[in-house]
Amino acid sequence: MSDKKQLLLGDEAIAQGAIDAGASGFYAYPGTPSTEIMEYVQHSKVAAELGIHRQWSANEKTAVESGLGMSYAGKRVVSCMKH
(Lines give C-alpha, C1' and ligand atoms only; values in the text may rest on other atoms or scores of the structure.)
Protein backbone atom coordinates (compact mmCIF):
# COMPACT_ATOMS: atom_id res chain seq x y z
CA MET A 1 0.00 0.00 0.00
CA SER A 2 1.30 3.37 -0.99
CA ASP A 3 1.21 6.43 1.24
CA LYS A 4 1.03 8.79 -1.72
CA LYS A 5 -2.32 10.09 -2.88
CA GLN A 6 -3.72 8.72 -6.13
CA LEU A 7 -6.49 9.95 -8.39
CA LEU A 8 -8.35 6.89 -9.65
CA LEU A 9 -11.48 6.09 -11.61
CA GLY A 10 -14.10 4.05 -9.73
CA ASP A 11 -13.08 0.73 -11.33
CA GLU A 12 -9.42 1.47 -10.66
CA ALA A 13 -10.23 2.21 -7.01
CA ILE A 14 -12.02 -1.15 -6.72
CA ALA A 15 -8.98 -2.93 -8.15
CA GLN A 16 -6.49 -1.05 -5.95
CA GLY A 17 -8.64 -1.63 -2.87
CA ALA A 18 -8.71 -5.37 -3.56
CA ILE A 19 -4.93 -5.42 -4.06
CA ASP A 20 -4.44 -3.52 -0.80
CA ALA A 21 -6.85 -5.91 0.97
CA GLY A 22 -4.72 -8.90 0.01
CA ALA A 23 -6.49 -10.36 -3.01
CA SER A 24 -4.60 -13.35 -4.43
CA GLY A 25 -6.42 -13.54 -7.74
CA PHE A 26 -8.66 -11.76 -10.21
CA TYR A 27 -10.89 -13.46 -12.77
CA ALA A 28 -12.94 -11.39 -15.19
CA TYR A 29 -15.11 -11.54 -18.25
CA PRO A 30 -14.77 -8.30 -20.23
CA GLY A 31 -17.66 -5.93 -20.63
CA THR A 32 -18.52 -2.41 -19.69
CA PRO A 33 -18.54 -1.17 -16.96
CA SER A 34 -16.13 -3.63 -15.26
CA THR A 35 -13.39 -4.11 -17.88
CA GLU A 36 -11.16 -1.48 -16.33
CA ILE A 37 -10.86 -3.46 -13.08
CA MET A 38 -8.88 -6.26 -14.74
CA GLU A 39 -6.97 -3.88 -17.00
CA TYR A 40 -5.78 -1.95 -13.95
CA VAL A 41 -4.63 -5.13 -12.20
CA GLN A 42 -2.89 -6.45 -15.31
CA HIS A 43 -0.84 -3.25 -15.60
CA SER A 44 -0.20 -2.86 -11.86
CA LYS A 45 3.47 -3.23 -10.89
CA VAL A 46 2.40 -3.97 -7.31
CA ALA A 47 0.15 -6.84 -8.44
CA ALA A 48 3.00 -8.30 -10.49
CA GLU A 49 5.47 -7.99 -7.60
CA LEU A 50 3.01 -9.69 -5.23
CA GLY A 51 2.40 -12.52 -7.71
CA ILE A 52 -1.33 -11.86 -7.89
CA HIS A 53 -2.94 -14.24 -10.38
CA ARG A 54 -5.02 -12.44 -13.03
CA GLN A 55 -6.85 -14.08 -15.86
CA TRP A 56 -9.54 -13.25 -18.40
CA SER A 57 -12.27 -15.90 -18.47
CA ALA A 58 -14.19 -17.35 -21.39
CA ASN A 59 -17.53 -16.29 -19.88
CA GLU A 60 -19.15 -15.08 -16.67
CA LYS A 61 -19.72 -18.60 -15.36
CA THR A 62 -16.06 -19.57 -15.59
CA ALA A 63 -14.99 -16.30 -13.96
CA VAL A 64 -17.16 -17.07 -10.93
CA GLU A 65 -16.20 -20.75 -10.83
CA SER A 66 -12.47 -19.98 -11.04
CA GLY A 67 -12.80 -17.46 -8.26
CA LEU A 68 -14.82 -19.91 -6.20
CA GLY A 69 -12.10 -22.52 -6.54
CA MET A 70 -9.45 -20.11 -5.32
CA SER A 71 -11.66 -19.06 -2.41
CA TYR A 72 -12.06 -22.74 -1.40
CA ALA A 73 -8.26 -22.76 -1.04
CA GLY A 74 -8.61 -19.94 1.51
CA LYS A 75 -7.52 -17.12 -0.80
CA ARG A 76 -9.13 -13.73 -1.34
CA VAL A 77 -10.32 -13.41 -4.92
CA VAL A 78 -12.22 -11.00 -7.15
CA SER A 79 -14.53 -12.13 -9.96
CA CYS A 80 -15.89 -9.35 -12.11
CA MET A 81 -18.13 -9.12 -15.14
CA LYS A 82 -20.65 -6.80 -16.72
CA HIS A 83 -23.76 -8.39 -15.22
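The values are calculated or read from the model by the stated rules, or taken from the named source; none is laboratory data. Since the model is a prediction, treat every value here as computed from it, not as a measurement. As a convention, Cβ positions derive from the backbone with ideal geometry for all residues, glycine included, and neighbour counts pool all protein chains shown. Calculation scope for accessible area: heavy atoms of the full protein, side chains included, ligands and nucleic acids excluded. Shrake-Rupley method; radii C 1.70, N 1.55, O 1.52, S 1.80 Å.
Details
- Carbon/sulfur fraction of accessible area - the chain, other protein chains in place, 1.4 Å, %: 55
- MRE, 222 nm, helices only [DSSP H, n ≥ 4, -39500 (n - 2.57), over the chain, to nearest 500]: -13500 deg cm²/dmol
- Tilt relative to the chain, helix 60-72 - C-alpha long axis, 0 to 90 degrees, to 10: 70
- Close amide H partners of residue 76, meaning residues 5 or more places away or on another chain with modelled amide H under 5 Å apart, are 24.
- Largest mean-square fluctuation among 67, 17, 25, in a Gaussian network model of the chain whose springs join Cα atoms under 10 Å apart, belongs to 17.
- Tilt relative to the chain, helix 10-20 - C-alpha long axis, 0 to 90 degrees, to 10: 90
- Over the chain, accessible surface divided per residue gives 64 Å², non-protein components excluded, 1.4 Å probe.
- Solvent-accessible surface of protein heavy atoms, probed at 1.4 angstrom with all chains present, puts 43, 83, 53 in the order 83, 43, 53, largest first.
- Computed about its Cα centre, the charge dipole of the chain is approximately 120 debye, with only Lys, Arg, Asp and Glu carrying charge at their Cβ.
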